[in-house]
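Student: Below are the structure tokens for one structure; questions will follow.
The values are calculated or read from the model by the stated rules, or taken from the named source; none is laboratory data. These numbers come from a predicted model, not from an experiment. Here the Cβ positions follow ideal geometry from the backbone for every residue, glycine too, while neighbour counts run over all protein chains shown.
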């Protein structure tokens with residue numbers, strides 16, 4: 001195995017079992033994951049779950065044919081109240097989590113220091129009730145689709161398997177992992193389609209695929225290349241691995257969108273903020289980039305809305 005293969009990351013790759021209706025996707029995020037977290041001080045349990053959600057959003061987007069944005073949203077009554085991961089059709093990522101710092105600290109103090117979190121810890125983070133929502137907003141004719149399922153089992157992967165079963169009617173197994181350095185995911189699906197094999201052979205192939213993914217650990221997913229993962233899990237099958245597609249962190253905030261937000265608030269409210277604070281600063285919740293508007297910028301914003309000014313700055 002050459003050095004380039006060992007370092008493969010920030011990409012998603014598709015694979016299939018030849019002549020069988022079983023497909024899958026693998027993703028690993030290295031620099032993209034670190035860049036996403038660079039300006040956010042997430043505690044370890046939050047960071048790990050967010051990394052799993054980001055990897056999952058890529059896998060979900062990879063299974064679809066669309067142009068637009070896929071949003072994976074988790075809401076619960078645990079220490080993490082909201083978690084959002086977004087992936088576009090061309091695999092540009094951003095994500096954010098909202099959490100109760102004291103509750104997360106308590107969980108960190110009592111849970112394992114390793115990167116592997118158990119079902120009890122997952123439930124402490126997300127709560128006993130909650131939901132996972134997958135929303136696809138396609139550019140074509142402003143189409144929008146949303147599937148919602150209750151939180152299931154002891155992991156995000158369990159809940160997403162339930163989502164595929166109920167919303168997509170696709171038998172799916174997946175494994176997700178994340179640490180400080182990277183996030184990763186591995187998904188296999190049984191898909192409808194013609195095959196030369198009889199039904200018993202097809203069912204056995206799907207059982208093999210499930211057993212294959214069960215052989216993989218979180219550590220395997222984070223450290224080993226996809227070629228080795230396929231060798232471990234699908235050694236008895238003829239596999240085809242397709243070329244990878246790059247994945248990158250990219251927040252879509254910009255001056256124009258922030259200006260539009262301030263206009264929506266109205267001149268009176270924005271000027272009140274200006275008077276109280278001396279400037280109006282709007283910080284993107286995804287990338288934490290601050291956009292600062294001085295008095296002259298605010299006046300220009302409302303006197304000439306087609307040509308907004310402003311002084312985006314990073315502190």
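Yes/no per residue for (1) at pLDDT below 90; (2) in the same structural domain as residue 64 (by TED's automatic domain parsing); (3) surrounded by fewer than 18 Cβ atoms within 10 Å (Cβ to Cβ):
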{"position": "93", "(1), (2), (3)": "no, yes, no"}
{"position": "108", "(1), (2), (3)": "yes, yes, yes"}
{"position": "117", "(1), (2), (3)": "yes, yes, no"}
{"position": "140", "(1), (2), (3)": "yes, yes, yes"}
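Student: Moving on. Looking at 159, 166, 217, which one is surrounded by fewer than 15 Cβ atoms within 10 Å (Cβ to Cβ), within 30 Å of residue 37 (Cβ to Cβ) and touching a strand residue (DSSP E or B) at 6+ places or on another chain (Cβ under 9 Å)?
Tutor: Working: 159 fails: surrounded by fewer than 15 Cβ atoms within 10 Å (Cβ to Cβ); 166 fails: within 30 Å of residue 37 (Cβ to Cβ).
Every option except 217 fails the conditions.
Student: Taking residue 159 as the residue in question, decide whether it is modelled with pLDDT of 90 or more, assigned by TED's automatic domain parsing to the domain that holds residue 83, within 14 Å of residue 74 (Cβ to Cβ) and touching a helix residue (DSSP H, G or I) at 6+ places or on another chain (Cβ under 6 Å).
Tutor: no
Student: Let me ask something additional. Looking only at the range 160-193, how many residues end up being without any contact (Cβ under 8 Å) to a residue 24 or more places away in the chain and within 18 Å of residue 27 (Cα to Cα)?
Tutor: Of the residues in that region, 2 qualify.
Student: Among the residues of the range 15-55, how many are assigned to a helix (DSSP H, G or I) and touching a strand residue (DSSP E or B) at 6+ places or on another chain (Cβ under 6 Å)?
Tutor: Filtering the range 15-55 for residues assigned to a helix (DSSP H, G or I) gives 31-37, 44-55.
Within this subset, residues satisfying the condition of being touching a strand residue (DSSP E or B) at 6+ places or on another chain (Cβ under 6 Å) are 32-33, 35-36, 46, 48, 50-55.
Summing the residues that are assigned to a helix (DSSP H, G or I) and touching a strand residue (DSSP E or B) at 6+ places or on another chain (Cβ under 6 Å) in the range 15-55 gives 12.
Student: Listed residues 231, 236; which is touching a residue at least 24 places away in the same chain (Cβ under 8 Å) and closer than 30 Å to residue 25 by Cβ?
Tutor: 236
Student: Okay, next question. Could you tell me which residue of the range 228-244 is farthest from residue 22 (Cα to Cα), considering only residues that are touching a strand residue (DSSP E or B) at 6+ places or on another chain (Cβ under 8 Å) and crowded, with 16+ Cβ neighbours inside 10 Å?
Tutor: Let us first name the residues in the range 228-244 that are touching a strand residue (DSSP E or B) at 6+ places or on another chain (Cβ under 8 Å), namely 229-230, 234, 237-244.
Applying the additional criterion that residues be crowded, with 16+ Cβ neighbours inside 10 Å yields 229-230, 234, 237, 239, 244.
Values: 229: 16, 230: 13, 234: 11, 237: 11, 239: 10, 244: 19 Å.
Filtering the range 228-244 for residues that are touching a strand residue (DSSP E or B) at 6+ places or on another chain (Cβ under 8 Å) and crowded, with 16+ Cβ neighbours inside 10 Å, the one farthest from residue 22 (Cα to Cα) comes out as 244.
Student: Any idea which residue in the range 169-192 is nearest to residue 43 (Cα to Cα), counting only those that are surrounded by fewer than 17 Cβ atoms within 10 Å (Cβ to Cβ) and in contact with a helix residue (DSSP H, G or I) (Cβ under 9 Å, 6 or more places away or on another chain)?
Tutor: Restricting to residues being surrounded by fewer than 17 Cβ atoms within 10 Å (Cβ to Cβ) and in contact with a helix residue (DSSP H, G or I) (Cβ under 9 Å, 6 or more places away or on another chain), the top hit is 180.
Student: Among the candidates 12, 84, single out the residue that is crowded, with 18+ Cβ neighbours inside 10 Å, in contact with a helix residue (DSSP H, G or I) (Cβ under 6 Å, 6 or more places away or on another chain), at pLDDT 95 or above and not in a helix (DSSP H, G or I).
Tutor: Details: 84 fails: in contact with a helix residue (DSSP H, G or I) (Cβ under 6 Å, 6 or more places away or on another chain).
When all the criteria are applied, what remains is 12.
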